[in-house]
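These notes concern the structure reproduced below.
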Amino acid sequence: MSSETLETPAPERPKAPSVLGFAGRNLRDYGMLLSLIAIMVFFQYMTNGTLLLPLNLTNLVLQNSYIVIMALGMLLVIVAGHIDLSVGSVVGFIGALAAILMVDYGVDFVTTTVISLIVGGAIGAAQGWFVAYFRIPAFIVTLAGMLVFRGLCLALLAGQSVGPFPVAFQRLSSGFIPDLFAVPGVHVLTVILTVAVPTILAVVSIRDRVKRLHYGVEVEPMPFFVGKIAALFVAMVGLGWLLASYKGLPNVLIIMFLLIVLYAFVTQKMTIGRRI
């Protein structure tokens, strides 16, 4: 009696949707990005080109990177269906704590940073404990936290400004990466990094697309995929060139980018991130 070998058929590759069909179904996902581009074009025109000047872009990065960093933490909270109203007050309280430790008690900035992260994590865990185990809505818990830590910040500082901070600590938010090439008029290391990073992202995106096709997962149309990668490359290289013509990449932008990479890894590759 002969036996027959049963072969498992390979997964059928999905047909890529049309560009217009894909764009129509995902217009909502790209709505915020399109709105941002429209706002940038509007203000670039209304300010006669001031918006995209290297000095102005550098100031925007230095003054607003902390908002992006807070938004990274808020991402997991909001995706899980909750809200955190206390994030601004907690950041203010932790900043006040760091200032008191460094200025009044002479603690070095590395130890201060570690203490600040531990205290901030403990505050988040305490508020999460009330949400998870007492079933109190996050809106209520963090509303109370907003009021509590705003008051604690005022009490800790006694209504006064504290300073000056150590120079090494200031460089975290106002310093720039060193230039190893010393070419007049352009920060060469910034140019190299802002070309290398989108190139690496493009390679990762291509590998991910190939993997999705192999497992029969629907992918975006090839013209849309190529256009997205090209737009990202042009935008990042253009931003890098503008920053390179001033002082180069701010340290806080590097910190922000590393945190984005970390959160991307946690949400896509780790069990807890995938579950959220």
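Bear in mind these aren't lab numbers, they're just calculated from the coordinates by the rules spelled out. Worth saying up front: this structure is predicted, and the values here are computed from it rather than measured. All Cβ positions, even for glycine, are placed from backbone atoms using ideal geometry, and neighbour counts span all protein chains on display.
Along the principal axes of its C-alpha atoms, what lengths does the chain span, in descending order and rounded to whole Å?
87, 59, 41
PHE42 versus LYS269, label points 7 Å from Cα toward the beta carbon: distance in nm?
3.9
Bins of 10 Å, beginning at zero and ending with the bin holding the largest distance: percent of Cα pairs per bin for the stretch 14-171, please.
9, 25, 26, 25, 12, 3, 0
In nm, what is the difference between 0.36 nm times the number of residues separating VAL79 and VAL226 and their Cα-Cα distance?
Fully extending the segment from VAL79 to VAL226 adds 50.1 nm.
Between THR50 and PHE257, what length comes free when the chain is fully extended (0.36 nm per residue of separation minus the Cα-Cα distance, one decimal in nm)?
This chain segment gains 72.0 nm when fully extended.
Between the alpha-carbon centers of the stretch 133-147 and the stretch 219-254, tell me the distance in whole angstrom.
Answer, in whole Å: 39.
Computed over the Cα atoms, what is the radius of gyration of the stretch 82-165 divided by 2.2 N^0.38 Å, N being its residue count?
So the Cα radius of gyration is 1.17 times the expected 2.2 N^0.38 Å.
Got a sec? Charge dipole of the chain, +1 on Cβ for Lys and Arg, -1 for Asp and Glu; which of HIS82, MET70, ILE260 is way out at the positive end?
Ranked along the dipole, the leading option is HIS82.
Mind checking the dipole of the chain: about its Cα centre, +1 per Lys or Arg Cβ, -1 per Asp or Glu Cβ, Debye to the nearest 20?
Here the chain has a charge dipole of around 320 debye.
Measure off 7 Å from each Cα along the Cα-to-Cβ vector at ARG212 and LEU33, then give the distance between these two points in nanometres to one decimal.
The answer from the label model is 1.1 nm.
Considering Cα pairs under 8 angstrom that are at least six residues apart, work out the relative contact order of the stretch 82-165 and quote it in whole percent.
That works out to 54 percent.
What three numbers, in Å, describe the spread of the alpha carbons of the stretch 138-255 along their principal axes, ordered from the longest?
Answer, in whole Å and largest first: 60, 51, 18 Å.
Out of residues 5 or more away from PHE176 or on other chains, whose amide H comes under 5 Å of its own, with H placed 1.01 Å from N in the peptide plane?
Counting only residues 5 or more places away or on other chains, the set is ASN251.
Using alpha-carbon pairs under 8 Å, 6+ residues apart, how would you state the relative contact order of the chain in percent?
Value for the chain: 29 percent.
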